[in-house]
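Working notes, beginning with the structure itself.
Coordinate-derived values only; no laboratory data. Predicted model only: the values in this text are computed from it and were never measured. Heads up, the Cβs are rebuilt from the backbone with ideal geometry, glycines too, and the neighbour counts pull from every protein chain shown.
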Amino acid sequence: MKLNKTLTLNLIIIVIFMVISFKFNAYLGNTLLSLFILYKLYSLRAYFYAMVGNTNFAKGQKDKALQWFKKASETKNCSPRIATSYAYLLLKEKEVHSSKEILDKLISKNNLKLEEESIIKMTLALVYWKEGNIDLAVETLENVYSKFKNSTLYESLGYLLIIQGDYNKALDFNLEGIDYDAGNDVIKDNLAQSYYHLEDYDKALEIYEKLTSKGAAFAEPYYYHALILEKNGEIEKAKEMLKTSLTFKESFLSNLSKDTMESELNKLNEAY
């Protein structure tokens with residue numbers, strides 16, 4: 001609603017300046033219109049900086065991306081969403097303290113919208129996890145869940161419940177997550193991991209076969225698929241799955257490390 005009002009107001013101002021230009025004084029109208037456009041571009045510079053940052057991050061130029069996001073976050077009236085995105089990127093790069101500093105400042109602001117507050121808390125929960133406080137991380141996400149839901153919440157809370165070790169609760173939540181977003185590969189993996197830890201290997205395998213055959217873009221499906229193949233005596237297939245899992249870049253926001261995958265592959269190579 002606020003966005004619509006802003007767009008309407010901007011359109012009215014532009015029309016007024018155009019009328020001045022055509023009906024009264026072309027120089028004055030064009031000058032006012034140019035100044036207004038320059039002002040709007042300047043006021044939106046944080047979005048431009050963030051857009052450049054996103055482009056750099058997509059290219060793998062992380063240092064440049066962080067520089068642009070830092071510039072965006074330091075801009076006056078930078079939106080909470082952009083600042084939270086910067087904090088999230090810092091967290092992914094293992095800058096836990098810097099990420100938390102930004103998020104703590106953001107969450108203390110007045111008049112945050114529910115979505116803004118929720119996204120900040122969801123990112124803070126990941127910080128708590130990386131600080132070693134999984135219980136606080138889960139509690140924070142459950143608090144968000146009571147008021148707000150999106151796919152990212154289901155991804156994060158579903159995963160952290162597994163890490164916390166409450167596999168039955170994780171299963172129930174991840175089944176709900178699939179109902180919410182049936183096409184989400186992270187939620188599917190969370191569900192499959194829940195089944196795996198509850199030793200329901202057939203159901204886990206059914207999900208992992210689909211995820212790995214479609215080319216899921218992260219390591220977990222291939223790793224857990226390999227573990228199930230190993231249990232089923234399909235050693236060579238398990239080795240291939242582990243090799244595939246190792247092709248993915250290690251993520252700070254995952255409990256699965258390269259060392260774990262390499263150790264499992266070495267174990268199979270030595271035994272068979």
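Before moving on, here are some points about what is shown:
- Gain upon complete extension [residue 260, residue 232; 0.36 nm per residue less C-alpha separation]: 8.1 nm
- Look at 145, 49 and count the other Cβ atoms within 10 Å of each Cβ; fewest to most, that gives 145, 49.
- Estimated FRET transfer efficiency when R0 is 35 angstrom, pair residue 270-residue 249 (beta carbons, to 0.05): 0.85
- Put simply, the Cα atoms of the stretch 115-194 extend 27, 26, 19 Å along their principal axes, the longest span coming first.
- Within the same chain, aspartates and glutamates fewer than 8 places from residue 62 are excluded, and of the rest, those with a Cα less than 12 Å from its Cα are 93.
- Eigen-decomposition of the gyration tensor built on the alpha-carbon atoms of the stretch 218-272 gives equivalent ellipsoid semi-axes of 19, 11, 8 angstrom, largest listed first.
- Normalised per residue, the volume of the convex hull around the Cα set of the stretch 61-180 (Å³): 106 Å³
- Inter-part distance, the stretch 100-156 to the stretch 215-243, computed on C-alpha centroids, equals 33 Å.
- With R₀ fixed at 22 Å, the C-beta to C-beta distance from residue 74 to residue 107 puts the FRET efficiency at about 0.75.
- Within the straight-line cut-off of under 21 Å between alpha carbons, the lysines reachable from residue 59 are 70, 71, 92, 94, 249, sequence neighbours fewer than 8 places apart in one chain being disregarded.
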